[in-house]
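A.B. asks: Mind looking over this structure? Questions follow.
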Amino acid sequence: MGRIAGTARRYATAGLDGELDRADAVGALRRVSGGRADLLAEHAGLCLGYALARPGPHAAIRRLEAELCIEAGADRGLIPAWRQTGYFRALAGGDVTNGPPGGP
């Protein structure tokens, strides 16, 4: 999961600078995910939930990360549950890929 998050974040950050090659980003995410649509959905959902709970400068990056994961083949049916998890993690002070501070 860490490789997916790192890859998505790197490309999304470049995208905000106007330097995003979407085809390259999607290909990279497909490679690092090993074709695991469930893992792409997990990251997409967590990012969307985080963006909802914490609007601000990082929300645009999180939304773009989610878009890229969806384009790479995320299982759309799994995203809503992960979006809720991301939302509550963000409210609790956690980041996208980890739970709240001091949590499991």
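The values are calculated or read from the model by the stated rules, or taken from the named source; none is laboratory data. Predicted model only: the values in this text are computed from it and were never measured. Cβ sites come from the backbone with ideal geometry, for glycine too, and all protein chains shown count toward neighbours. Just so you know, the surface numbers come from the protein's heavy atoms only, side chains and all, with ligands and any DNA or RNA stripped out. Shrake-Rupley method; radii C 1.70, N 1.55, O 1.52, S 1.80 Å.
A.B. asks: Please find, within the stretch 52-64, the residue that is nearest to THR13 (Cα to Cα) out of those that are small (Gly, Ala, Ser) and open to solvent by 10 Å² or more (accessible area, probe 1.4 Å). Break it down stepwise before answering.
C.D. replies: To start, the set of residues in the stretch 52-64 that are small (Gly, Ala, Ser) comprises 53, 56, 59-60.
With the extra rule that they be open to solvent by 10 Å² or more (accessible area, probe 1.4 Å), the set shrinks to 53, 56, 60.
On the way: ALA53: 20, GLY56: 14, ALA60: 9 Å.
Filtering first and then ranking leaves ALA60.
A.B. asks: Go through the stretch 30-50 and count every residue that is open to solvent by 60 Å² or more (accessible area, probe 1.4 Å) and either in contact with a Pro (Cβ under 9 Å, 6 or more places away or on another chain) or outside any helix (DSSP H, G or I) (or both).
C.D. replies: Matching residues across the stretch 30-50 total 3.
Every residue, every condition in (1) β-branched (Val, Ile, Thr); (2) surrounded by fewer than 22 Cβ atoms within 10 Å (Cβ to Cβ); (3) touching a Cys at 6+ places or on another chain (Cβ under 7 Å); (4) assigned to a loop (DSSP other than H, G, I, E, B), yes or no:
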| site | (1), (2), (3), (4) |
| --- | --- |
| ALA14 | no, yes, no, no |
| ALA28 | no, yes, no, no |
| ALA66 | no, no, yes, no |
| GLY73 | no, yes, no, yes |
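A.B. asks: What about ILE79, is it under 17 Å from ILE4 (Cβ atoms), surrounded by fewer than 23 Cβ atoms within 10 Å (Cβ to Cβ) and either touching a Ser or Thr at 6+ places or on another chain (Cβ under 6 Å) or modelled with pLDDT of 95 or more (or both)? Full working, then the answer.
C.D. replies: Details: under 17 Å from ILE4 (Cβ atoms): yes; surrounded by fewer than 23 Cβ atoms within 10 Å (Cβ to Cβ): no; either touching a Ser or Thr at 6+ places or on another chain (Cβ under 6 Å) or modelled with pLDDT of 95 or more (or both): yes.
In short, no.
A.B. asks: Looking at the structure I just gave you, is ARG30 modelled with pLDDT of 95 or more, in contact with a Gly (Cβ under 8 Å, 6 or more places away or on another chain) and basic (Lys, Arg)?
C.D. replies: Values: modelled with pLDDT of 95 or more: yes; in contact with a Gly (Cβ under 8 Å, 6 or more places away or on another chain): yes; basic (Lys, Arg): yes.
When the stated conditions are applied, ARG30 passes them.
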